[in-house]
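Heads up, the thing below is written out as structure tokens.
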Amino acid sequence: MEFLQNFEFSTEALTAMVMTYGVQLVGAIFTLVIGLWIANIILGVVRRILDRSKVDQSLCSFLCSLVSILLKVMVYITALSVLGIEMTSFVAILGAAGLAVGLALSGTLQNFAGGVMILFFKYFKVGDFIDAQGYMGTVKEIQIFVTILTTPDNKTIILPNGPLATDSLTNFSAQAQRRVDWTFGIAYGDDVDKAYEVLGRLIDEDERILKDPEPFMAVSALADSSVNIVVRVWVNAADYWGVHFRMNEMVYKTFDKEGLSIPFPQRDVHIHQITATDNE
């Protein structure tokens, strides 16, 4: 008889336990299923927004993965809370661990944030020629933590993205056209109009020089040893150095034939002779 009473008590306790925890389990499963479904919807919306913003594909994949992980962690924590598991201590421990890792990897996280900014705001892209952090080169690859440059003499430069995103830089490839500037000196006594004519002819002979905006020439300075003429023309960015070097060569070859001299720095020295009479 006592056994039956104990059995009935155990059955009632088991039933009460099943009713209590069964409801929590069903609620946790329901929360998990609905939460993951909502997380997938949010993830799809984020992915479409990034695609419309034309964000770099590598950054888009990384951000989508990060959002997916954060949403799933939130769903799992919520489901465990519905199940009756105390999550306050777990969240506190997780936050403390995240803070410790963040402090330990502060420099790395700064480079990560810089990489995200570079890929999102597109300060430069692969193939651009930039001057940053004291280095000049062509952007070969943009990674999350570093940017890789190739210098004109084929050296590989690795720059951390943190300083690269916050400090100033020069992007020589951002604009389709660039201006080429020269300063050519002629000797005092040479015909300035003749120099204009020769320079204009050399400009017209180079088809890479654009007609609009039109070339500019003027006397920029009356220097100690020369009359300096500044010349400014516009070219496509890819033709910059070719036009620059060719004009220097053609001016050197042509000025002498046209009776124009390129003076070198010189100084007049006046010698005063002192005689014995002057000393007296």
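No lab work stands behind these numbers, since they all come straight from the coordinates. The structure presented is a predicted model; accordingly, all values stated were derived computationally and were not measured. So basically every Cβ, Gly included, is an ideal-geometry build from the backbone, and we count neighbours across all protein chains shown.
Would you mind calculating the gained length between residue 131 and residue 153 on full extension (0.36 nm times residue separation, minus the Cα-Cα distance), in nm to one decimal? If you can, show how the numbers build up before the last one.
Details: separation 22, 0.36 × 22 = 7.92 nm, distance 1.47 nm.
Stretched out fully, the residue 131 to residue 153 stretch lengthens by 6.4 nm.
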Check: Measuring from label point to label point, each 7 Å out along Cα→Cβ, what is the residue 238 to residue 188 span in nm?
Finding: 4.7
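Over the stretch 113-209, what is the relative contact order in percent, taking alpha-carbon pairs closer than 8 angstrom and at least six residues apart?
Relative contact order for the stretch 113-209 comes out at 24 percent.
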Next item on the list: Mind sorting 33, 46 by how few other Cβ atoms lie within 10 Å of their own Cβ, fewest first?
Entry: 33, 46
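For a test of the definition: using alpha carbon positions, the gyration tensor, and the 1.5 limit on a/c, classify the stretch 177-257 as rounded, prolate or oblate.
Because a/c hits 1.5 or more and a/b exceeds b/c, the stretch 177-257 counts as prolate.
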Next item on the list: Identify the residues of the stretch 227-270 with backbone N under 17 Å of a label point that sits 7 angstrom from the Cα of residue 205 along the Cα-to-Cβ direction, or state none.
Entry: 242-262
Check: Within the set 155/253; 125/155; 155/211; 54/211; 140/211, which residue pairs have Cα atoms separated by over 29 Å?
Finding: 155/253; 155/211; 54/211; 140/211
Notebook entry, point to check: Is the stretch 121-171 best put as rounded, prolate or oblate by its Cα gyration tensor, with a ≥ b ≥ c the root eigenvalues, rounded for a/c under 1.5, and otherwise prolate when a/b is larger than b/c, oblate when not?
Noted result: rounded
Item checked: Exposure proxy ranking, count of Cβ atoms within 10 Å, fewest first, for 267, 179 -> 267, 179
